[in-house]
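Notes for the one structure printed next.
The values are calculated or read from the model by the stated rules, or taken from the named source; none is laboratory data. Treat the numbers as computed from the prediction; the structure is a model and nothing was measured. Here the Cβ is made from the backbone with ideal geometry for all residues, glycine too, and neighbour counts use every protein chain on show. Surface accessibility is based on the protein's heavy atoms, side chains included, excluding ligands, DNA and RNA. Shrake-Rupley method; radii C 1.70, N 1.55, O 1.52, S 1.80 Å.
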Amino acid sequence: MRVTDKLRFDVFKNNLSSLKETLDKTQTRIASGKKILAPSDDPIAASAGVALEAEKNLNDRYKKNLEKLKTVGGFYDTSINSINDLLTRAKEISITQASDTMDASTRISANEEIKGIIEQLVTIGNTKVGNNYIFGGKKSNMKPFTIDADYNVTFNGSSDVDSIYVDKGTKEDAGISGQSVFISDTNVFTVLKNFSDALDGNDLTGIGEAIDNIDNSLEKTQTNLAHAGTYMARVENYIGYKETRDVDITESLSQMTDIDMTQAVTDFNTLSTAYEAMLYSMAKVQSLTILNYLN
């Protein structure tokens, strides 16, 4: 079969088009820094990359949840430490006022300080972060504690708390209920109210009982401090794990999708040279420019 100039040109044109397409794709890869521009370039790697990106996005949501827990956890730690300080002061007062050297007048004065401690504990119990009361449990949109004129304190929150996902299939409590901090086992407010009444009535027996009851409240508070510390440690561990996993995912994605820039530039230069050589050869063979046949 006779090879005509037209056939020869068509072969040149097809090869040139293919080379130009490869050249353009290489240039696009260099500009984007990615070796996979479309799923068809590497279906297996593209599918794995989508899965990793999905995991990374989910990981980001978990980290946001954990950062919220960390922020609120800091408030719990501060609040419970303040409770401990106030109860320690109440114990000092109880020991002092149990002495025979004290009288009704000193106990009335001490009672004013105890009433102030009760009010401060209520304020702590009503600590608010953003729009939520941190000791309200699932009723976080309303004040968990109210106090009447006689210094009786009522808990209006819930004993259970919300939980949020911190990992796939793993939830963490989103708070600590005021029920467990102030009410359960030993009702801190009842202990102090009874102490207040004993001081007001110059009741030495009641004052003596208050010493033991306040001790129980302090032990309860120490348990709550330990719980808050363990809670914060878990949150910190989760955050550390998520940050490590983020690095692993980023590295895997980079290895899978990012180009070797040095190799890509070398390939581009080689392709450019081949493209220019083909254009030159085409013009020489035909003794015409390529534009004469582009119709």
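Distance between the 7 Å Cα→Cβ label points at Ala226 and Ser109: 3.9 nm. Would you mind classifying region 94-160 by shape? Square roots of the alpha carbon gyration tensor eigenvalues, ordered a ≥ b ≥ c; an a/c under 1.5 is rounded, otherwise it is prolate if a/b is larger than b/c and oblate if not. Because a/c hits 1.5 or more and a/b exceeds b/c, region 94-160 counts as prolate.
Apply the Kirkwood formula to region 177-253: the hydrodynamic radius equals the inverse of the mean of 1/r over all pairs of different alpha-carbon atoms; give it in Å with one decimal. Let's see the in-between values first.
Working: mean 1/r = 0.0646 Å⁻¹.
Radius from the Kirkwood sum: 15.5 Å.
Computed with a 1.4 Å probe over protein heavy atoms only, the accessible area of Glu209 comes to about 110 Å². For the set Lys70/Lys143; Lys64/Lys91; Lys193/Lys220; Lys68/Lys143, the pairs lying more than 29 angstrom apart at their alpha carbons are Lys64/Lys91. Here the calculated FRET efficiency for Ala51 and Asp212, from their Cβ-Cβ distance with R0 = 41 Å, stands at 0.10, rounded to the nearest 0.05. Computed from the Cβ-Cβ distance with R0 of 30 Å, the FRET efficiency linking Thr266 to Glu243 stands at 0.25.
Rolled with a 1.4 Å probe across the full set of protein chains, the surface gives Phe189 an accessible area near 10 Å². On the beta carbon distance between Asp167 and Met142, with R0 = 25 Å, the FRET formula returns roughly 0.20. Note on Val129 and Ser99: their simple-model spin labels are 4.2 nm apart, each label 7 Å out from Cα toward Cβ.
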